[in-house]
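Bear in mind these aren't lab numbers, they're just calculated from the coordinates by the rules spelled out. Owing to the predicted nature of the structure, the values given are computational and were not obtained by experimental measurement. Cβ placement follows ideal geometry from the backbone for every residue including glycine, while neighbour counts extend to all protein chains displayed.
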Amino acid sequence: MDEVTTRDSEAGAVPAIRAITFDFWGTLYKNKSVPRENKRTSLRIERLRGYLRNTSYDLSREAIEESFHNSYKMFADLLAQGEVMHAEGMVMAMGDELGLEFDTDQIGEMMTILEQVAVDIPPTTTKNAVDAIMGLSRRYKLAVISDTTLTPGRVLRQVLANDSIADCFESFSFSDEALYRKPHPEQFIQVLDDLGVNPEEAVHVGDLVETDIRGAKAVGMKTILFAENGAA
């Protein structure tokens, strides 16, 4: 990641950049690698089985694994349609798959199991991300604008804190909290308001054209399409 610079255009001076917003997955942190994601899935299934066994549901690992994968496929299909999803939906779907009806406390406990695994097996930052964020935070207002899946904003903040960069950001917009997914303009507008900057004074950095670049440009922000081997 390199510092953002401004330049003059034929139409006149480009407004000075005062803020930079970042996507989380694929930009600040590497997208889910197969080995790490397989470890997370295995740990989620094992912990769910242990929890259910302690609440008198003695199910085989195979049954829980099948319900997990079937439910996650449904979960992923809804995400692809732009739905805002939470771990609660995954738990409810697993209950349907297993023919079980969970009470409120059980749903909450199972949600926590699904969510917290990202802290136990955390994602890794993209190359030079930590140093870049620390350096940029001394010159610009920074924020995170990110969609979420099984790992909510609450947990992603914890991941950022564990890497000592959470305090570098002045605002966060996670889809499970904002109730919108990119490219919806509200995810970007909320952060711009929090930072007290106009759209033309901000740059959004993300790795997905359809969500990051399209969404940020629609509200008037500048954009950088990020690839781990350099800005694309």
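Quick look at the values:
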read-out	value
Given charges at beta-carbon only (K, R positive; D, E negative), |dipole| of the chain in Debye	680
Dipole moment magnitude, nearest 20 debye, region 34-120 about Cα centre, only Lys, Arg, Asp, Glu C-beta charged	440
Per-selection Kirkwood Rh - region 34-120 (Cα, Å, 1 d.p.)	13.2
Packing rank of 62-69, 190-197, 97-104, where each peptide gets the mean count of other beta carbons within 10 Å, highest leading	190-197, 62-69, 97-104
Packing-based exposure ordering (other Cβ within 10 Å, fewest first) of Lys182, Lys222	Lys222, Lys182
FRET efficiency, 1/(1 + (r/R0)^6) with R0 45 Å, evaluated for Glu200 and Glu46 via beta carbons	0.35
Amide H contacts of Ser171 (H built 1.01 Å from N, under 5 Å, at least 5 apart or other chain)	Val144
For Ser171, Ser56, Ser42, order by how many other beta-carbon atoms lie within 10 Å, fewest first	Ser56, Ser42, Ser171
Kyte-Doolittle mean at least -0.5 and Cα axial length at least 27 Å: DSSP H helices in the chain	61-80
Distribution of pairwise C-alpha distances over the chain, 10 Å bins, in %	7, 31, 31, 18, 9, 2, 1, 0
